[in-house]
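Throughout, read-outs are computed from the coordinates displayed, never taken from laboratory work. No experiment lies behind these values; they were computed from the predicted model shown. Cβ sites come from the backbone with ideal geometry, for glycine too, and all protein chains shown count toward neighbours.
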Amino acid sequence: MKTVLFAVLLCVSSFSCAQETPTAIHVSKMKPAKDLKNIKVVNAEDPICHMKTADFLKDTADYKGKKYGFCSEHCKAEFKKNPEKYAKIAK
Ligand SMILES: [Zn+2]
């Protein structure tokens, strides 16, 4: 039963991450979460899905003293699986 729940969660979070090409209207409507607004992250793009962290920052992770931003918990989880690889391509 837990496996099913996990699969559903993963599906939902991947879906929220799949919006890589939002329209201009979409972008202006989507503001970063309030509590993350003033947080500076080293990457302008989510290294997992390449969404702009300035517009879509929802979660952060610290790696080797740097703070990386992600559009979702799913991307952060993906980063933590292989931080070395993703830190290298983060920009
Ligand atoms: Zn993402």
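Here are some notes:
- Among the residues of the range 42-81, the ones that are in a helix (DSSP H, G or I) and either of a type outside the set (Asp, Glu) or near the ligand (Cβ under 10 Å from one of its atoms) (or both) come to 12 in all.
- Among the residues of the range 30-74, the ones that are in contact (Cβ under 8 Å) with a residue 60 or more places away in the chain and either surrounded by fewer than 21 Cβ atoms within 10 Å (Cβ to Cβ) or hydrophobic (A, V, I, L, M, F, W, C) (or both) come to 1 in all.
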